[in-house]
Amino acid sequence: MPNDKLRSYLHFHVIVFIWGFTAVLGALISIGAVALVWYRMLLASLVIFGYIKWKGISMKVGKKTVMGFIIAGIVIALHWLTFFGAIKIANVSITLAMLSTGAFFTSIMEPIFYKRKVIWYEIFFGLLVICGLYLIFEVETRYTEGIIVALISAFLSSVFTLINGKFAQTYRPSVISVYELSAGVGFVTLYLLFTGGFSSTFFQLPAMDWVYIVILATVCTAYAFIASVKVMKHLSPYTIMLTVNMEPVYGILLAFVILGNAEQMNTGFYYGALLILSTVVLNGIFKNRRKRKKGILPKTLENPQGRLTEAKNANLSPEKTE
């Protein structure tokens, strides 16, 4: 492996490790999910906006596109609200395991969204995912509410991925991100205004919460986003896909080390999580081989979550470019 490729590969593992740490930070931050998402999106959008200005990137887009960005921004805000909400209700391990089902949801919706035929192995892998979910539901009944919220989060992530794939063909990832993150901030701000959420205590965060939120917004969101765009130039989509699927593994291991007993689960949970994760990886491998046979190599797609969604879900249409 050439030096540039090796460095990029190792760097990308660090980035995926950082993504896995996001869920742990969500558990460590004491404030609620709504405030957490508002602070994260606000700070991350400001950092990426600063990056755009530093690089001299044009932000000019059409009115119709802006409306599309607003819709996508609201979806990603709802995804993060349910993601961190699930962590607060259940724990990191449950949330990350459920988030892996995003590929399953995408496989269901993609044929409708992109008007293509359903592939036989997507149905088979979908059944395996359902089996994995059944195992987890059977042994972790105490986390039923958290499991349901996390599944909603995974579904919203899939919807966002499909919406964003259209924009990724035309616009820079940083431009898409700053518009969508700003729209998400606006959406959560309106919610807080209507519900009276902006109380004096809203801005009185514990010192450690500020530290964690700054790390979440800068390192786990803005930095991971910008760095991943650079390293993916030296890596194949197949390598990226396999590496991204290490995120829940890193996250669950980090949660166990940092949070201790709160993350100890029944054996059945790990069997179910392993089945879901293995299905996602196999789905990506099958899709990669299928596209190679057709002479189409998938292009990577990065969304404002800081994740390479073409790699993570490995089942988007091959036209994606972000």
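About its Cα centre, how strong a charge dipole does the chain have in debye, to the nearest 20, once Lys and Arg get +1 and Asp and Glu get -1 at the Cβ? Walk me through the numbers before you get to the answer.
On the way: 28 positive and 14 negative charges, 322 e Å.
About 1540 debye.
List the chymotrypsin sites (Phe, Trp or Tyr not before Pro) within region 157-229 that fall in a DSSP loop (any state other than H, G, I, E or B) and whose Cβ has at most 16 other Cβ atoms within 10 Å.
Details: sites: PHE160, PHE167, TYR171, TYR179, PHE187, TYR191, PHE194, PHE198, PHE202, PHE203, TRP210, TYR212, TYR223, PHE225; in loops: TYR171, PHE198.
Qualifying residues, ordered by number: PHE198.
Estimate the FRET efficiency between MET59 and TRP210 by the formula 1/(1 + (r/R0)^6), using the beta-carbon distance for r and 25 Å for R0, to the nearest 0.05.
Numbers: r = 29 Å, r/R0 = 1.15.
My answer for the efficiency is 0.30.
Using 5 Å bins from zero, what percent of all Cα-Cα pairs in region 34-147 falls into each bin?
The percentages, shortest bin first, are 2, 9, 12, 15, 16, 15, 13, 10, 5, 2, 0.
How much length is gained on full extension from ARG142 to THR189, taking 0.36 nm per residue of separation minus their Cα-Cα distance?
Numbers: separation 47, 0.36 × 47 = 16.92 nm, distance 3.25 nm.
Extra length from ARG142 to THR189 when fully extended: 13.7 nm.
Would you mind checking the pairs LYS63/LYS166; LYS60/LYS115; LYS64/LYS117; LYS55/LYS230; LYS115/LYS287 and listing those with alpha carbons more than 22 angstrom apart? Intermediate results must be reported in sequence, preceding the final value.
Values: LYS63/LYS166 16 Å; LYS60/LYS115 30 Å; LYS64/LYS117 29 Å; LYS55/LYS230 14 Å; LYS115/LYS287 17 Å.
As for pairs spanning more than 22 Å Cα to Cα, those are LYS60/LYS115; LYS64/LYS117.
Just to be sure I follow: if Rg is taken over the C-alpha atoms of region 101-232 and Rh is the Kirkwood radius over the same atoms, what is Rg/Rh?
Numbers: Rg = 19.0 Å, Rh = 18.3 Å.
Reported Rg/Rh, Kirkwood definition of Rh: 1.03.
Just from its helices, what would the mean residue ellipticity at 222 nm be for the chain, if runs of 4 or more DSSP H residues each count -39500 (n - 2.57) and the sum is divided by every residue, rounded to the nearest 500 deg cm²/dmol? List each step's numbers first, then the result.
Details: 14 runs with 236 residues, N = 322.
Result for the chain, helices only: -24500 deg cm²/dmol.
Using 0.36 nm per residue, how much length does the chain from ILE71 to TYR270 gain when fully extended, once their Cα-Cα distance is taken away?
68.1 nm
What are the DSSP H helices in the chain that stretch 24 Å or more along their long axis, judged by alpha-carbon atoms, and whose average Kyte-Doolittle hydropathy comes to at least -1.0? All intermediate terms of the calculation are to be shown ahead of the outcome.
Working: long enough: 3-28 (37 Å, 0.87); 33-55 (32 Å, 1.26); 63-89 (39 Å, 1.49); 120-139 (30 Å, 1.84); 144-168 (35 Å, 1.44); 173-195 (33 Å, 1.37); 267-293 (39 Å, 0.07).
Sorted by number, the helices that extend far enough and score high enough are 3-28, 33-55, 63-89, 120-139, 144-168, 173-195, 267-293.
Pull out the extension gain between PHE124 and LEU282, defined as 0.36 nm times the separation in residues minus the alpha carbon to alpha carbon distance; nm, one decimal.
Working: separation 158, 0.36 × 158 = 56.88 nm, distance 1.10 nm.
So the extension gain works out to 55.8 nm.
Under a no-solvent Debye model with one identical scatterer per Cα of the chain, what's log10 I(q)/I(0) at q = 0.10 Å⁻¹?
Ignoring solvent entirely, the Cα scatterers give -0.54.
Over the chain, what is the relative contact order in whole percent, taking alpha-carbon pairs under 8 Å and six or more residues apart? Could you put the intermediate results ahead of the total?
On the way: 476 pairs, mean separation 109.5, N = 322.
Over the chain, the number comes to 34 percent.
Values quoted throughout were computed directly from the atomic coordinates according to the rules given, and no laboratory measurement underlies them. This one's a predicted model, so the numbers in the text were calculated from it and none came from an experiment. For neighbour counting, all protein chains shown are included, and Cβ atoms are generated from backbone atoms with ideal geometry for every residue, glycine included.
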